[in-house]
Amino acid sequence: MSHYEIVAICRQFLFDSCNRKSESIQLRLGKMETRTTSNQQAEKDEKMSKTMKKSLLAMNCIMLGVGNCGGPLVQRLYFVKGGKRVWTSSWLQTAGWPFLIIPVIVSFIHKTRNGKEAKLISLKPSLFLPCAVLGVLTGFDDYLAAYGVSRLPVSTSALIIATQLAFTAGFAFILVKQKFSAFTINAIFLLSIGAVVLALHTSSDRPAHESSLMYYEGFFMTLGASALYGFILPSIELTIKKAKQQVTYSLVMEMQIVMSFFATAVCTVGMLINHDFKAIPREARNFDLGEATYYVILAVNALLWQFFFLGAIGVIFCASSLLSGIIIATLLPVTESLAVLFFHEKFQAEKGLALTLSLWGFVSYFYGEIQQMKKMKRERDVGLPA
C-alpha cells in the first residue's frame, strides 16, 4: 500500500469519526430539547392542575356554605309553619339528586367536544358498592338530623352539629391516617367544649309546646347525626383513595348521585311505612304560608341540601374530610345569626360562650394551616423534602 493510500484512509476515518460525533451531539441536543419541552409542558400542566383544583375547592366551599346555612333554616321553616313529617324532611335532604345529572351531562359533552375519550357513566362496580353503603348510612343520618331539627331551635341544633368536627377528626385519624398539628387538636378541643357548655344549659331554650323528653330526644338525635356524619366524611375520603380508577370531579358527582339515590331509597321506605305520601296533600292545604309556598319550600329544601352534600364531597376530593368538617363547624356563626334574625330564637349566655369557643377553634385551625403552608414553602425553597 502506498503512502498516499494510507493518508487517504486516515483522512476518511477522521472524517467519518467527526460525522459520527456531530450526529451524536445533534441527537443529544435533540433529546435535551425534547426533555426540556416535556418538562416545561409537565410544569405547565401541573400549574393548570393546581389552579383548577383551587378553583374547584373554592366553588365547593361556596356550595357547602350555601347548603350548610340555608338547608337547616328552610328545614326548620317547614316544621315551624305546620310541617310535621320527619321522614319527608329527611327524604328531601337527598331527593334533589336528579339535579346533578345536568352537570354530569355537561361535563361529558365538554370532554367529547375537546376530542377526549369520555364515558357518560364512568363509575365502576368496585366503587359503586361502597357508595351504595355510604348512601344507606346517609339516609339514616338524614332521619336523625331531621328529627333533631323538628325538636330543637336552629341555633341549638347548629351548635350541636359543630361537634361533628371532633367525630370527623377521630374517624379521619383511624381510617385515613390524618395527621394533626397542635393547632388542629386545640380547635377540636374547643369545639367539643362548646358543645358540652351548650348541653349543660339543656332545655332553657325549649320551645313552649314541647316537653323535656321531646327536647332531649332532639338533642341526642342531633348528636347521633353529628357522630354518624363524622364517620361518613372520612369514609368517603377513604373510598376515593382506594378507588381502582382515576378519580375526576365528574366521577365525584357520579358518586354523589349514587349515595343520594340510596339515601333517598331508605327515606322513601320510611315515608311509605309512615304514610307520608298520602299526608303531603293534606299537610300542604293546612300549611301556614299556603299550599303553593309549601311545595316551593320542599323544592328549595331539596336543592339546598344537594349543594351541601356535593360541596362536602367536593371539598374532600380537593382537600380532605377534616377540612370539610372544619368548614361545616366554622359556618356556625352565620347559621346562628340567621336563625336569630328569621326565627327570633333566644340567644342565651351559654350559646354566646359556645359560639365564642367555636370561633376560637376556627381561628386556631386556620392559623395552624397557614403556619404549615409557610413551613412547607421554606422547606421547598432550601431544597428539603416538604
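The values are calculated or read from the model by the stated rules, or taken from the named source; none is laboratory data. Predicted, not measured: the structure shown is a model, and the values here were computed from it. Please note: Cβ atoms are built from the backbone with ideal geometry, for glycine as well, and neighbour counts cover all protein chains shown. Ligands, DNA and RNA are stripped out before the accessible areas are found, and what is left, the full protein with its side chains, is counted by its heavy atoms. Shrake-Rupley method; radii C 1.70, N 1.55, O 1.52, S 1.80 Å.
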Where labels lie 7 Å past Cα in the beta-carbon direction, separation of A349 and V269 in nm: 4.9
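I need the peptides 306-318, 53-65 ranked by packing, meaning the mean over residues of other C-beta atoms within 10 angstrom, with the highest value on top. Display every interim value, and only then the final one.
Numbers: 306-318: 23.8, 53-65: 16.5.
Result, highest mean Cβ count within 10 Å first: 306-318, 53-65.
Kindly sort S211, S90 by accessible area of their heavy atoms, largest first, with the probe set to 1.4 Å. Could you put the intermediate results ahead of the total?
Values: S211 50, S90 0 Å².
The residues order as S211, S90, largest area first.
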Here, Q245 and R380, labelled 7 Å along Cα→Cβ, have an inter-label distance in nm of 3.2
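Taking 0.36 nm per residue of separation and subtracting the Cα-Cα distance, what length does fully extending R285 through A132 add? Walk me through the numbers on the way to the answer.
On the way: separation 153, 0.36 × 153 = 55.08 nm, distance 3.58 nm.
Extending this stretch completely gives an extra 51.5 nm.
Ranked highest first by the average count of other Cβ atoms within 10 Å around their residues, in what order do 216-222, 228-234 fall? Please report the intermediate quantities before stating the final value.
Numbers: 216-222: 19.9, 228-234: 23.4.
Result, highest mean Cβ count within 10 Å first: 228-234, 216-222.
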Relative to the compact-globule scaling 2.2 N^0.38 Å, provide the ratio for the alpha-carbon radius of gyration of the range 59-106. 1.37
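How high is the relative contact order of the range 88-228? Use alpha-carbon pairs under 8 Å, at least six apart in sequence, and give a whole percent. If you can, show how the numbers build up before the last one.
Values: 107 pairs, mean separation 49.1, N = 141.
In percent, rounded to a whole number, it is 35.
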When only the heavy atoms of the protein chains count and the probe is 1.4 Å, how do W360, W87 rank by accessible area, highest first? W360, W87
Applied in sequence order to the range 211-227, the curve 6.51 cos²θ - 1.76 cosθ + 1.60 (Karplus, θ = phi - 60°) yields integer Hz couplings, x standing for Gly and Pro, of 7, 4, 4, 5, 5, 5, 4, x, 4, 6, 5, 5, 5, x, 5, 4, 5
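Ranking request for peptides 235-244, 366-375: highest mean number of other beta-carbon atoms within 10 Å first, then the rest in descending order. Don't skip to the end; give the middle numbers.
On the way: 235-244: 17.3, 366-375: 13.4.
Top to bottom by mean Cβ count within 10 Å: 235-244, 366-375.
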In whole Hz, with x marking every Gly and Pro, tabulate ³J(HN,Hα) for the range 358-373 from phi via Karplus 6.51 cos²θ - 1.76 cosθ + 1.60, θ = phi - 60°. 5, 5, 4, x, 4, 5, 4, 4, 6, 5, x, 5, 5, 4, 5, 5
